[in-house]
Amino acid sequence: MMKTPLLSALLLAATLAHANPLAEALTAYDEGDLKAAARGFTASASQGNALGQFNLAMMHLRKELPGASDSQAWRLLQRAAGQQLALAENALGEMIEQGRRGKPEPKAACGWFERAAEHGNADGALATATCYYLGRGRKQDMAQAHRWYLEAAKAGDVGAQYIVASMFENGLGVQSDERLSRYWYDVAARNGDVAAQAKVKALRERDQAS
């Protein structure tokens, strides 16, 4: 009996899904089956899949594999970063910053964070902003700090939302803008930032008193 086109498409989709080691590995990891996850991530990584390489590296870093190795994690992350995977770029920066590649090197760490930020990674944006804000690994530059804190704030980081509000309020790295300052304090407050909630309350009371 001939298969209908729809049935054939469904069978093909099922076959492809079953043959996807990364998808199976992610499911296994979520279910706590680390051995199956490791097999799947290893198979995916061997196929050159950047996410497979990244996830296998994370298992190494979390010591979830027999013979887990920071050096192996580094090699896997380098391969994934070579494909411009922002998650891997940020993880390389974290390894350097945490001293998991020898003595911490702020300049090198910030370099990876900034690459991750440029490829849309929110954690990378936050870390890059901090590099510029503190002048650690980068020459202190409040305009660049504001730029990247704003990207992290837009991505939902509550701490960055408060900092952006403060920078707008005080004209730090950006022209002072009361409207935008209030906007970001309000966003941070609604997202649970206690300091922002106090700031919003103080501004409201000031408005009522004037």
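The values are calculated or read from the model by the stated rules, or taken from the named source; none is laboratory data. Keep in mind that what you see is a predicted model, and the values were worked out from it rather than measured. FYI the Cβ positions are ideal-geometry reconstructions off the backbone, even for glycines, and counts take in every protein chain you see. Remember, those area values only see protein heavy atoms, side chains included, never the ligands or the DNA or RNA. Shrake-Rupley method; radii C 1.70, N 1.55, O 1.52, S 1.80 Å.
Some notes on this structure:
- Positive dipole terminus of region 63-210, leading residue within 191, 110, 156 (C-beta point charges): 110
- Region 42-111 - charge dipole about Cα centre, Lys and Arg +1 at Cβ, Asp and Glu -1, debye rounded to 20: 140 debye
- Of the solvent-accessible surface of the chain, computed with a 1.4 Å probe and all protein chains present, 54% belongs to carbon and sulfur.
- Here the Gaussian network model covers the chain, with springs between Cα atoms less than 10 Å apart; of 108, 25, 195, 195 fluctuates the most.
- To the nearest ten degrees, helix 86-97 and the longest principal axis of the Cα atoms of the chain are 70 degrees apart.
- MRE, 222 nm, helices only [DSSP H, n ≥ 4, -39500 (n - 2.57), over the chain, to nearest 500]: -23000 deg cm²/dmol
- The charge dipole of the chain, taken about its Cα centre with unit charges on the Cβ of Lys, Arg, Asp and Glu (plus for the first two, minus for the last two), comes to roughly 320 debye.
- Tilt relative to the chain, helix 178-190 - C-alpha long axis, 0 to 90 degrees, to 10: 50 degrees
- Tilt relative to the chain, helix 194-209 - C-alpha long axis, 0 to 90 degrees, to 10: 30 degrees
- Checking the Cα-Cα distances for 154/199; 35/103; 35/63 against a 22 Å cut-off, the pairs over it are 35/103.
- Projecting the Cα atoms of 86, 49, 68 onto the charge dipole of region 39-91 (Cβ charges, centred on the Cα centre) puts 68 farthest toward the positive pole.
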